[in-house]
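Here the structure is laid out as structure tokens; the discussion comes afterwards.
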């Protein structure tokens with residue numbers, strides 16, 4: 001799944017793009033912190049200015065390349081050069097371990113670029129070894145060597161945890177990509193089968209049912225056939241699709257037989273599955289009412305979404321009504337939406353059309369927490385057990401933090417309070433991982449993940465020495481971000497930020513009380529949200545892949561009924577009304593014409609032939625006998641439709657449209673007057689010929705030229721049309 005495979009792997013490429021942007025944001029943010037630290041230096045010399053420019057230019061270039069989605073090995077080299085230049089800024093000095101002016105601020109950048117461009121993990125270790133050598137060389141003593149080892153262990157553990165998460169993300173994306181390809185092939189096969197089944201259904205069941213209504217409107221067999229055909233058209237597809245709300249509403253609109261304008265506003269946010277099903281079901285019923293009662297074939301659907309809210313509005317400019325909405329609207333629309341905690345508003349007036357507004361809002365607490373059963377579903381579809389995946393990454397992070405703590409202890413820095421606090425947080429992390437493995441985190445669990453780390457920080461951070469605040473001795477700051485990283489699997493990114501707010505308050509209060517300078521305080525506050533943000537972005541990408549996998553697993557593909565409704569197009573409302581009332585005189589009068597119009601849908605399927613089907617229907621209703629016997633599919637029939645439209649004013653007795661893949665013919669019986677024949681000929685392509693006869697008028701020509709732009713008359717021929725030899 002290499003980036004070069006963009007044309008065939010769009011999902012995988014978008015995943016890599018998100019990763020690159022996240023790494024670019026991290027690198028650029030660290031550059032800003034470095035520039036801020038430079039402004040606090042008391043003095044500069046020419047060498048310092050030059051090295052600082054090298055650092056800023058190299059890192060900023062790599063960061064911009066990441067944001068633009070084009071990181072490469074050159075960017076790894078640039079960040080490595082920046083790390084070397086940052087170390088040389090302290091030639092002959094030994095900044096405290098992990099301090100704001102330590103070269104550690106540049107160590108993570110080349111390592112993260114290694115992840116972005118898919119280099120081996122051994123490269124991370126090589127960069128760490130180079131860093132230790134630089135720290136030792138520039139400091140010139142054993143203290144600098146120890147500091148370098150401690151800092152390298154700390155950052156290397158963090159980046160290796162990123163390797164674990166990114167590897168998980170890429171594997172999940174690969175599964176989603178493979179599932180999409182397999183689903184595409186399966187859907188294509190199912191679509192072909194559904195189209196064949198629908199064609200057979202129209203020919204073998206629907207047309208005979210309509211003919212039976214026309215011939216024996218009160219016979220029992222006609223009623224049974226009508227009921228069977230109606231059931232075949234209206235039985236919905238099996239439930240369970242996890243497609244987003246917009247996609248499901250679009251599918252309903254496409255199968256409604258109406259000309260629907262779909263307007264989408266806002267960001268496509270996830271809504272609970274039961275809410276989505278209710279909104280889609282109510283939208284389907286509202287469109288059915290438009291088809292049955294409005295007297296128009298056009299409707300507008302507006303879908304507006306934002307986190308915690310979804311609104312669907314169905315509007316038409318039809319007949320409207322002034323009475324209380326019927327059972328269909330009260331039960332299938334209003335009742336369905338109210339059952340999931342939403343509201344439905346129906347507005348209408350005679351002659352002013354109808355507007356149905358479906359509105360749903362999440363409960364305030366659920367909206368605040370960003371919790372959703374779908375979030376948990378997508379996480380499980382991506383990794384199986386999100387708690388175990390979270391503990392794997394957190395375990396590597398814990399090992400890196402604890403390794404740095406052990407190195408500090410070997411250097412004589414005893415931190416009993418820090419170790420006790422880390423043990424409490426580790427237990428909390430394991431408990432949270434166990435909890436989210438068993439279902440979505442409750443509000444109480446999320447609250448515990450926010451409050452407990454802040455309490456640990458409030459008790460432990462004051463015990464860290466003033467010199468160690470903002471440095472490696474305050475590794476408990478990074479450690480207390482781990483609960484938020486675990487919960488990031490089941491909550492949104494904005495809620496992860498809220499979880500870190502209590503920690504930020506405690507860190508600020510302790511830092512100010514300890515006298516941490518204004519230049520050092522951002523470094524103390526910066527690390528925790530930056531690391532957590534980066535991890536949460538990777539987790540979000542995994543969940544996005546899980547959404548794809550869940551949708552593919554639950555998808556059922558097109559069914560015969562929906563394919564039949566697509567074939568019928570605008571005829572669907574009239575067919576449904578006729579089948580629903582087979583014993584009425586109106587149904588019996590229209591059923592015969594309707595049956596032949598349905599047959600036209602078999603010979604002339606799809607929107608490319610809609611105009612011709614409509615013209616043939618008008619002629620049938622005017623009493624003409626229409627015969628369609630095409631033995632090859634026409635690519636388009638727009639020009640032929642214009643020619644047939646001319647026949648409306650003539651009232652022909654019989655019109656035949658027939659043809660093969662070599663020639664298509666239009667025969668009108670009896671023969672039409674010369675002026676009318678010329679008008680029909682002018683509407684047809686110039687390559688067609690007209691053969692006048694005392695009993696009939698024949699027009700024929702190649703079928704491939706029956707397109708909307710092929711009716712240019714040939715001015716070099718009399719009347720603009722060629723006459724066949726008589």
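Please treat every number below as a calculation from the coordinates, not as lab data. The model shown is predicted, which means the values in this text are computed figures rather than measured ones. Ideal geometry is used to build each Cβ from the backbone, glycine not excepted, and the neighbour counts take in all protein chains shown.
Between residue 292 and residue 57, 0.36 nm times their residue separation minus their Cα-Cα distance comes to what? Write out the running numbers ahead of the final one.
Details: separation 235, 0.36 × 235 = 84.60 nm, distance 6.70 nm.
77.9 nm is the gain from fully extending residue 292 to residue 57.
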Theoretical FRET efficiency, 1/(1+(r/R0)^6), r = Cβ-Cβ of residue 178 and residue 228, R0 35 Å, to 0.05: 0.30
Label-point separation, residue 200 to residue 651 (7 Å along Cα→Cβ), nm: 4.4 nm
Computed lengthening from residue 442 to residue 340, 0.36 nm per intervening residue step minus Cα-Cα distance: 34.8 nm
Residue order, fewest to most surrounding Cβ atoms within 10 angstrom, among 467, 177: 467, 177
Label-point gap, in nm, between residue 319 and residue 68 - each point 7 angstrom along Cα→Cβ: 6.2 nm
FRET efficiency, residue 304 to residue 512 (Cβ-Cβ, R0 45 Å, nearest 0.05): 0.50
Calculated FRET efficiency for the pair residue 262/residue 627, C-beta based, R₀ 35 Å, to 0.05: 0.40
Cα-projected label distance for residue 349 with residue 14, points at 7 Å along beta-carbon direction, nm: 4.4 nm
Additional length obtainable on full extension of the chain from residue 459 to residue 137, 0.36 nm per residue less Cα span: 112.1 nm
Separation of alpha-carbon centers, the range 131-177 and the range 646-691, rounded to whole Å: 80 Å
Cβ-based exposure ranking for 204, 590, 254, in which fewest neighbours within 10 Å come first: 204, 254, 590
Residues 437, 45, 274 arranged by fewest to most Cβ contacts within 10 Å: 45, 274, 437
